[in-house]
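Visitor: What follows is a structure written as structure tokens; I'll ask about it next.
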Amino acid sequence: MADFAYTELLPKGPDTGTEYRLLTTDYVSTVTLGNRRFLEVDPEGLRLITREAMRDIAHLLRPGHLAQLAAILDDPEASTNDRFVATELLRNANIAAGGVLPGCQDTGTAVVVGHKGERVLTDADDERAIAHGVFDTYQTSNLRYSQLAPLTMFEERNTGNNLPAQIELYATPGDEYSFLFMAKGGGSANKSYLFQETKALLNPDSLTRFMDEKLRTLGTAACPPYHLAVVIGGTSAEYTLRVAKYASARYLDTLPTEGSETGHAFRDLEWENRILELTRGFGIGAQFGGKYFCHDVRVVRLPRHGASCPVGVAVSCSADRQALGRITSEGVFLERMETDPARFLPETTPEDLSGEVVRIDLNQPMSDIRAELSRHPVTTRLSLTGTLVVARDLAHARIKQRLDAGEPMPQYLRDHPVYYAGPAKTPKGYASGSFGPTTAGRMDPYVEQFQAAGGSLVMLAKGNRSRSITESCARHGGFYLGSIGGPAARLAQDSIRSVEVLEYAELGMEAVFRIEVEDFPAFMVTDDKGNDFFTELATPVSLGR
């Protein structure tokens, strides 16, 4: 008979590298029962730490993430586009740090993971107190409400407060309450992938081919450069995906770097470097060509059932919103984020960032806009000034219903380029709230019908699209322009001059808007001749074996 041997699945080491700030010494006390000391936490402490964490991560980034962006500017191997995107993201961080405009317009689903020591007493519904903290932040900040409540199978309504949150609480030894706070936008959440593989994957050649194929499909819709996580193995499919999410937040960085016969998780540092180098060879770069598709990679190896080999992939995007928290007998503590991102931003002139920038007047007739775009190849950097119409998922569904009923295409989609986006709340004194692009691919099913009806002939959004869009643009003389994913605050402050609702005001942030923009940055991704920037980059390279 074997001896009993226990190991944690995720045996994290001590947290020695995180700097915390003290929020308060209120709400905590200690009590001794018998010979054991317990930590008592007032529910208002849970509400406070959640409220402050969710506000911080909407506006501030970790200094390590900002240092990685700054390093792109110093790398002679970085492409012009890499450096341009990195500069825009650093400028965006500087604006967001002012605490008015959030860094990204998609202010995310609130995710809170808590580990409550067995000697922590709250005498309350902890989830309710945490949810109240989320509610406080979204009610009092310029953040977007993105949660849709299902009323029936097909009818939904925005909850109007960004609840419910995803709250996971676990029991652990000790007398401390620790937290991971995350705000997960739709773009990066939608790039969480599960693959059910077999033992045949577990050799260097097969794993390299697999990673080369699958990681290219991440595309740019989730706003790279990414913090990429790959998890091999897992006791269940859902556990594999959970670990991938944790790893993308660098929450598992203190795992062991070697395995053992007891079956605990470990980080494989060799494969982290191999996969990082693989992604640098894709040519996708920081959205529009180059080296920096990923900042870094985490590879976690988990035990598995002999008949299963799940593989999980997750990313943290350029918004990179997470923070650690702790409640101890000494007080309530939150990870210290960077409040002065400007120190990472060098003095940079436009000449340092790119070559030719083609300026496009959006207030000329649509035929003239298309004629001007047709003169330039894909990857051309553009600067847009004039009128854009904003429409995304729900507005597209409404317009499709009208077309299906025999009604004409709305004139505003015939006369103006369409920007796929949805704004955050507009702060007092501002023309717009944070207003970055949403993922273009979700609108792909509508494009052929819309372009055939004379609309959506110039589209602006983020991320790669399906082959059907390239074909439709070639057939109807259309174009897809890529907007930089990530710098929503910078676009609101520096490029968007006015916003008005055109139609479907009842849809809130998914209404149809008319906006006036000035020097709005974009890139030519798909032209009217059947060329698409991402097509070649999506093809895996041969290993020569």
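Visitor: Identify the residue in the stretch 293-311 that is assigned to a loop (DSSP other than H, G, I, E, B) and open to solvent by 20 Å² or more (accessible area, probe 1.4 Å) and, among all such residues, is nearest to residue 85 (Cα to Cα).
Guide: 308
Visitor: Under the condition of being under 28 Å from residue 440 (Cβ atoms), open to solvent by 30 Å² or more (accessible area, probe 1.4 Å) and among the aromatic types (Phe, Trp, Tyr), which residue from the stretch 193-248 is farthest from the chain's Cα centre (by Cα)?
Guide: The selected residue is 195.
Visitor: Output the residues belonging to the stretch 84-94 that are touching a Phe, Trp or Tyr at 6+ places or on another chain (Cβ under 9 Å) and either closer than 18 Å to residue 437 by Cβ or open to solvent by 10 Å² or more (accessible area, probe 1.4 Å) (or both).
Guide: Across the stretch 84-94, the qualifying residues are 84, 85, 86, 93, 94.
Visitor: Also: Regarding the stretch 69-82, can at least one residue be identified that is touching a residue at least 40 places away in the same chain (Cβ under 8 Å), open to solvent by less than 20 Å² (accessible area, probe 1.4 Å), touching a strand residue (DSSP E or B) at 6+ places or on another chain (Cβ under 9 Å) and under 20 Å from residue 337 (Cα atoms)?
Guide: Within the stretch 69-82 (the criterion being touching a residue at least 40 places away in the same chain (Cβ under 8 Å), open to solvent by less than 20 Å² (accessible area, probe 1.4 Å), touching a strand residue (DSSP E or B) at 6+ places or on another chain (Cβ under 9 Å) and under 20 Å from residue 337 (Cα atoms)), the answer is yes, since at least one residue qualifies.
Visitor: Looking at 27, 20 in this structure, which one is modelled with pLDDT of 95 or more and farther than 30 Å from residue 300 by Cα?
Guide: It is 27.
Visitor: Tell me, which residue of the stretch 8-27 that is open to solvent by less than 40 Å² (accessible area, probe 1.4 Å) and in a loop (DSSP other than H, G, I, E, B) is nearest to residue 325 (Cα to Cα)?
Guide: Out of the qualifying residues, it is 18.
Visitor: Output the residues belonging to the stretch 394-431 that are of a type in the set (Val, Ile, Thr) and either touching a Pro at 6+ places or on another chain (Cβ under 8 Å) or in a loop (DSSP other than H, G, I, E, B) (or both).
Guide: Within the stretch 394-431, 399, 426 qualify.
Visitor: Another question, if that's okay. Test each condition in (1) open to solvent by 50 Å² or more (accessible area, probe 1.4 Å); (2) out of contact with any Lys or Arg (no Cβ under 8 Å at 6 or more places or on another chain); (3) of a type outside the set (S, T, N, Q) for residue 502 and report the one that comes out false.
Guide: (2)
Visitor: Considering only the stretch 246-267, state which residues are more than 23 Å from residue 72 (Cα to Cα) and in contact with a helix residue (DSSP H, G or I) (Cβ under 9 Å, 6 or more places away or on another chain).
Guide: Across the stretch 246-267, the qualifying residues are 251, 252, 255, 257, 265, 267.
Visitor: Next question. Here are the criteria: (1) closer than 21 Å to residue 441 by Cα; (2) surrounded by 17 or more Cβ atoms within 10 Å (Cβ to Cβ). Tell me which single one residue 530 does not satisfy.
Guide: Every listed condition holds for residue 530 apart from (2).
Visitor: Restricting to helices (runs of 4 or more DSSP H) lying wholly in the stretch 166-250: which have 2 or more residues that are among the aromatic types (Phe, Trp, Tyr)?
Guide: By residue number, 237-248.
Visitor: Looking only at the stretch 321-358, count every residue that is at pLDDT 90 or above and in contact with a Phe, Trp or Tyr (Cβ under 9 Å, 6 or more places away or on another chain) and tell me the total.
Guide: 15
Visitor: Still on this model: So if I check each of 140, 107, which one is under 22 Å from residue 51 (Cα atoms) and open to solvent by less than 10 Å² (accessible area, probe 1.4 Å)?
Guide: On inspection, the qualifying residue turns out to be 107.
Visitor: Separate question: Six or more apart or on different chains, Cβ under 7 Å: which pairs go from a residue in the stretch 379-402 that's within 12 Å of residue 358 (Cβ to Cβ) and β-branched (Val, Ile, Thr) to one that's at pLDDT below 95 and assigned to a helix (DSSP H, G or I)? Could you list them?
Guide: Matching pairs, first to second residue: 379/533.
Visitor: Still on this model: So if I check each of 478, 429, which one is over 25 Å from the mean Cα position of the chain (by Cα) and at pLDDT below 95?
Guide: Every option except 429 fails the conditions.
Visitor: Where residues in the stretch 432-469 are touching a Gly at 6+ places or on another chain (Cβ under 6 Å) and at pLDDT 95 or above, which of them is farthest from residue 396 (Cα to Cα)?
Guide: Only one residue tops the list, namely 457.
Visitor: Would you point out the residue of the stretch 314-342, among those that are open to solvent by 10 Å² or more (accessible area, probe 1.4 Å) and not in a loop (DSSP other than H, G, I, E, B), that is nearest to residue 28 (Cα to Cα)?
Guide: 328
Visitor: Report the residue count in the stretch 359-411 for those that are of a type in the set (Val, Ile, Thr) and either at pLDDT below 95 or under 24 Å from residue 284 (Cα atoms) (or both).
Guide: 3
Visitor: Could you please let me know if residue 251 is in contact with a Leu (Cβ under 9 Å, 6 or more places away or on another chain) and closer than 30 Å to residue 37 by Cα?
Guide: It is true that residue 251 is in contact with a Leu (Cβ under 9 Å, 6 or more places away or on another chain) and closer than 30 Å to residue 37 by Cα.
Visitor: Across the stretch 143-180, what is the total count of residues that are touching a residue at least 60 places away in the same chain (Cβ under 8 Å), farther than 25 Å from residue 509 by Cβ and open to solvent by 30 Å² or more (accessible area, probe 1.4 Å)?
Guide: 3
Visitor: Okay, moving on. Quick check on the stretch 30-41: of everything there that is touching a strand residue (DSSP E or B) at 6+ places or on another chain (Cβ under 9 Å) and either open to solvent by 80 Å² or more (accessible area, probe 1.4 Å) or without any contact (Cβ under 8 Å) to a residue 24 or more places away in the chain (or both), which residue is nearest to residue 173 (Cα to Cα)?
Guide: Only one residue tops the list, namely 37.
Visitor: A further question on this structure: Do any residues in the stretch 298-326 that are closer than 23 Å to residue 235 by Cα have Cβ atoms under 9 Å from those of residues that are of a type in the set (Phe, Trp, Tyr) and at pLDDT below 95, where the two are at least six apart or on different chains, and which pairs are they?
Guide: Close Cβ pairs satisfying both conditions: none exist.
Visitor: Tell me the residue from 474, 492 that is in a helix (DSSP H, G or I) and surrounded by 24 or more Cβ atoms within 10 Å (Cβ to Cβ), please.
Guide: After applying the criteria, what remains is 492.
Visitor: Same structure again: Quick one: which of 128, 144 is at pLDDT below 95 and out of contact with any strand residue (DSSP E or B) (no Cβ under 8 Å at 6 or more places or on another chain)?
Guide: Among 128, 144, only 144 is at pLDDT below 95 and out of contact with any strand residue (DSSP E or B) (no Cβ under 8 Å at 6 or more places or on another chain).
The values are calculated or read from the model by the stated rules, or taken from the named source; none is laboratory data. Quick caveat, the model's predicted, so the values are computed rather than measured. Methodologically, a virtual Cβ is constructed for each residue, glycine included, from the backbone with ideal geometry; neighbour enumeration extends over all protein chains shown. These accessible areas exclude ligands, DNA and RNA; they are computed on the full protein's heavy atoms, side chains included. Shrake-Rupley method; radii C 1.70, N 1.55, O 1.52, S 1.80 Å.
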